[in-house]
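What follows is calculated from the coordinates using simple rules that are stated; it is not laboratory data. Just so we're clear, the structure is a prediction, and the values are computed from it rather than from any experiment. With ideal geometry, Cβ positions are generated from the backbone for all residues, glycine too; neighbour counts draw on all protein chains shown.
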Amino acid sequence: MLFDVVIVGFGTSGFFLAFELIKAGFKVAVIEKENAIGGALVNSLIFPTAGFHTLSGKLVITDSVKEFLDFCIKNGLSKGHIKDPLNFSYSITPINPIAYNVFFIHYFFDNFKNNFVLFNNSRIENIYEKNGIIRYVIIKYNNTRVKIKGKFFVDASGILELSNYIDIGYRLDIDSLQAATLIFKVANVNFYKIIDYIKQNKQDFYDKTDISLIVNNSFLSVSGYFELASKYLFNKELFLSRDRFLFFGDISKNYVYVNTSRIFIKDIINFILNNNNDLKKKGFFKKCSTFILPSNEKNITINDILRNYDLIERIGYYLAFKQVNYIYRVMKKFINGFGNSYIDMVAIKLGIRQYKILKGLYQLTMEDVISAKDFDDKIAVGTWPIDIHIKDKIVEKKVNENGYFIPFRTLITSNYRNLIFNGKHISSDDYAFSSLRIQATCMNLGSVVGKILVNLLKNKTFILDIDFSLIKKIFKNTFLTIY
Ligand SMILES: Cc1cc2nc3c(=O)[nH]c(=O)nc-3n(C[C@H](O)[C@H](O)[C@H](O)COP(=O)(O)OP(=O)(O)OC[C@H]3O[C@@H](n4cnc5c(N)ncnc54)[C@H](O)[C@@H]3O)c2cc1C
């Protein structure tokens, strides 16, 4: 099977990349390891989507992302942009996680089924490259092996999946990885009681919280209950260390998404090392399909675990699930408004914020995002503040108020001429990463990289031979509304 572009990962960034390409008439294959499409937003219940405005209030959105958002608003799947009641950023954009599925069925399936193939629940088994050009990949799909040829390949897995097969430089420092979170949804919550409590106990909440925005927008954003958190959210046995309860109201009233559990990759790894034999007996290792783990005789090492993201995801989920159970009981007992509530849904995947990050031709840094360094090859605009979830606290810092630029060189390496990276794992330091990982930026990145690939395919040019004047033109046409 020959495709114009083969995309690995159908999450936030892969989705919009595919959308651009198929709209332009190119043939696209997507390899997605999960059954469901939509990545973190869908499988980890990430809510609300954020990052569409700069801190000064300029809207940053591509035409395709806007098309998606307009569709969501029209179909009752989003409230559109609303002022951020926590005043952490300028706006937030609640989008129902089901929106990707609805949009996918409507557009991809109905309109483009002839030039789009989704291999969901499938994985790469091997990659064949020659002279810096990737020729094809072999995947396992429905228990058969399928060979997929492509002119271009995109790694949009968020975890640099392709680095497991070919020579791609990356950084992975387990001590500085951000916390992972298992988000759950609670039903039958009394919003009025919560709002009343916040009004009367302002000092116990994030100091920039604007209650009038919550009331006017009928959108609940809560970051606080610091006192309660200090009593209950530090629990060594559960690997929990959290200074606050964080939750957001759904688009429909009475439901909240709770973003309070917290588990570190390092704790997951230590747990695996310390409970190696027990976990083997319980069959946890057998279910991990990516790599063969060492036999029973050999002791598992940190490197074995790091190569096996599936295992980290699986054990992390198990540990975070215990936290969810505990956190919810505390909320139900002590937070006014949760008395009659019940857990409606727990995300099916642990939300892992950070894993492998590309070492590309350029590494975006904290200084770049604060000073809004200009680049000849700028392709997108980031907006979200530096927002690092580390032990016990959140570290925040403003980025440039008019947004900052992301250069094309953060998406490529010097060794492959038809491979490009997209989404949160592009080349950045920990600070820049904590900003660009936000959904709106990943959506816009997907869309703009799609536009770039459309041009490369039309001009029959490889990635490393791209003309910067073409990039300049695409950037200008894409973000015309603000620059
Ligand atoms: C806990 C948490 C809270 C967050 N909170 C917010 C928030 O409030 N607002 C906001 O806007 N953003 C938030 N984010 C950030 C945001 O959701 C993600 O960073 C963003 O969605 C990343 O997009 P992506 O396309 O790079 O990756 P993803 O959306 O993760 O997509 C990657 C896709 O690749 C697939 N994949 C992975 N490995 C393979 C493989 N081996 N083979 C095939 N497919 C594979 C995955 O299944 C997935 O579908 C949060 C993230 C987390 C984890």
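Seen from all sides and averaged, what is the projected area of the convex hull of the Cα atoms in the chain, in nm²?
Dividing the Cα hull surface by four gives the mean projection, 21.8 nm².
Can you give the relative contact order of segment 100-227 as a percent, counting alpha carbon pairs under 8 Å and 6+ residues apart? Display every interim value, and only then the final one.
On the way: 83 pairs, mean separation 13.8, N = 128.
Across segment 100-227, relative contact order equals 11 percent.
Just in segment 421-483: which trypsin sites (Lys or Arg not before Pro) are loop by DSSP and have at most 15 other Cβ atoms within 10 Å? Could the numbers behind the result be given before it?
On the way: sites: Lys424, Arg437, Lys451, Lys458, Lys460, Lys472, Lys473, Lys476; in loops: Lys424, Arg437, Lys460.
Counting only loop positions with at most 15 other Cβ atoms within 10 Å, the trypsin sites (Lys or Arg not before Pro) in segment 421-483 are Lys460.
Mean 1/r over all different Cα pairs, inverted: what Kirkwood radius does segment 179-352 give, in Å? Could the numbers behind the result be given before it?
Values: mean 1/r = 0.0569 Å⁻¹.
Evaluated on segment 179-352, it is 17.6 Å.
Counting pairs on different chains as well as pairs 8 or more places apart, how many Lys pairs in segment 172-289 have Cα atoms under 17 Å apart? Could you put the intermediate results ahead of the total?
Details: Lys185/Lys253; Lys193/Lys202; Lys193/Lys253; Lys199/Lys208; Lys236/Lys266.
Going through segment 172-289 pair by pair, I get 5.
Assuming R0 = 30 Å, can you tell me the calculated FRET efficiency for the pair Asn143 and Lys280, based on Cβ-Cβ distance, to the nearest 0.05? Each step should come with its number before you reach the end.
Numbers: r = 25 Å, r/R0 = 0.85.
In this case the efficiency is close to 0.75.
For segment 180-271, state which trypsin sites (Lys or Arg not before Pro) are in a DSSP loop and have at most 16 other beta carbons lying within 10 Å of their beta carbon.
Values: sites: Lys185, Lys193, Lys199, Lys202, Lys208, Lys231, Lys236, Arg242, Arg244, Lys253, Arg262, Lys266; in loops: Lys208, Arg242, Arg244, Lys253, Arg262.
Passing both the DSSP loop test and the Cβ count: Lys208, Lys253.
Any idea which of Ile183, Asn277, Tyr326 is furthest toward the positive side of the dipole for segment 179-352, if Lys and Arg beta-carbons carry +1 and Asp and Glu beta-carbons -1?
Asn277
Cut-off under 12 Å on the C-alpha distance; same-chain residues fewer than 8 positions from Lys451 excluded. Which aspartates and glutamates are left, in chain and number order?
Straight-distance partners of Lys451: Glu20, Asp63.
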